[in-house]
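Q: My structure is below; once you've seen it, I'll send some questions.
Since every read-out is calculated from the coordinates, none of them should be taken as a lab result. Being a predicted model, the structure only gives us computed values, none of them experimental. As a convention, Cβ positions derive from the backbone with ideal geometry for all residues, glycine included, and neighbour counts pool all protein chains shown.
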Amino acid sequence: MEHNLLDRITINPKVMVGKPTIRGTRLTVEIILEKLAGGESENKIMEDYPILEKEDIRACLLYAAKSLSLSEILEV
């Protein structure tokens, strides 16, 4: 199941300067995560971006979790 979700995230150096995007669009994982962190609901985000599916939002969260598991966390 994780692999299927992560297939929704694409990285292309020619699109959005290589930031991870959703299914080859110009909509970045970063934008979705910022909206979720700001308190927007999944329904509101999908309303604002009709191209999105609920699985795309889950894919963004999974991508972020997997990315953090590979990184060293620094104290701020």
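Q: Looking only at region 42-58, how many residues end up being out of contact with any Leu (no Cβ under 7 Å at 6 or more places or on another chain), in a helix (DSSP H, G or I) and among the charged types (D, E, K, R)?
A: 6
Q: Looking only at region 1-57, count every residue that is among the β-branched types (Val, Ile, Thr), under 17 Å from residue 67 (Cβ atoms) and touching a residue at least 24 places away in the same chain (Cβ under 8 Å) and tell me the total.
A: Residues meeting the conditions: 5.
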